[in-house]
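Heads up: the structure comes next, in structure tokens.
The values are calculated or read from the model by the stated rules, or taken from the named source; none is laboratory data. Just so you know, these numbers come straight off a predicted model, no measurement behind them. Glycine also receives a Cβ, built like all others from the backbone with ideal geometry; neighbour counts cover every protein chain displayed. Accessible surface areas use protein heavy atoms only, side chains included; no ligands, DNA or RNA. Shrake-Rupley method; radii C 1.70, N 1.55, O 1.52, S 1.80 Å.
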Amino acid sequence: SGAPSRNVLVRNNVVLDPITAGFAVGAYASRLAGAASSAFVGNTVVSTRAPGIAPFYVQYNVTDVVVANNIFVSAGGQPVVYGDTVAVDVAFRHNLYHAPGGAHWEWDETVFTSLAAWAADRGDTGSVAADPRFVAVPANLRLRGTSPAIDAGDPSPCDTSCLGTADASGGPRV
């Protein structure tokens, strides 16, 4: 019941070792209103220990949500993205996913063990599954110059108000 949260922008955050999920969007129960017309852009979530749900958790009743230009790193055994069964209309684009031994995604009780399978099912475009090459986890989460995340973001993941002009270090956002 109630109205969904709308026009929420989650941008340029760094989350290290979340207890459950780095970010969760939507309602905790299917009977409740969820989230709509929102964006998660330019965030980094690193989980170096289990347990936990996932760096990004999509719950119930989610519509028109953009998840772009993020880095999601999960501990061994955790999915990089977990989605409940009634979440719809979530656009994943230009994210970097990583987990020791290989990233996996869980959505609607289906486990995807490759980015190609995940992308084919969820329409994820421009994303990569690779080591982000941080300077030193967990002490320094800046990217090394050889990181596949550098200059790999979507320059227009949503309207210009969601992107911003600077990255977390104050440099130009690409």
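Measuring with a 1.4 angstrom probe and ignoring ligands and nucleic acids, ASP154 comes out at about 20 Å² accessible. Counting only heavy atoms of the protein chains and using a 1.4 Å probe, LEU115 has close to 40 Å² of accessible surface. Cα extents for the stretch 38-135 along the principal axes, largest to smallest and rounded to whole angstrom: 35, 25, 22.
Once you have the Kirkwood Rh of the chain from its Cα pairs, apply Stokes-Einstein at 4 °C and 1.567 mPa s and quote D in µm²/s. All intermediate terms of the calculation are to be shown ahead of the outcome.
On the way: Rh = 16.0 Å.
The Stokes-Einstein estimate is 81 µm²/s.
Of the peptides 43-52, 60-69, the order by per-residue mean of other Cβ atoms within 10 Å, starting with the highest, comes out as 60-69, 43-52. Stretching the chain fully between ASN7 and ALA130 yields a gain of 41.2 nm (0.36 nm per residue, less the alpha carbon separation).
Averaged over residues, the count of other Cβ atoms within 10 Å places the peptides 132-138, 20-26 in the sequence 20-26, 132-138, highest first.
What net charge do the residues around THR63 carry, taking every other residue with its C-beta under 13 Å from that of THR63, with Lys and Arg at +1 and Asp and Glu at -1?
Numbers: positive: ARG6; negative: ASP64, ASP89.
Result for the local shell: -1.
Charge dipole of the chain (Cα centre as origin; +1 on each Lys and Arg Cβ, -1 on each Asp and Glu Cβ, all else neutral): 460 debye, rounded to the nearest 20.
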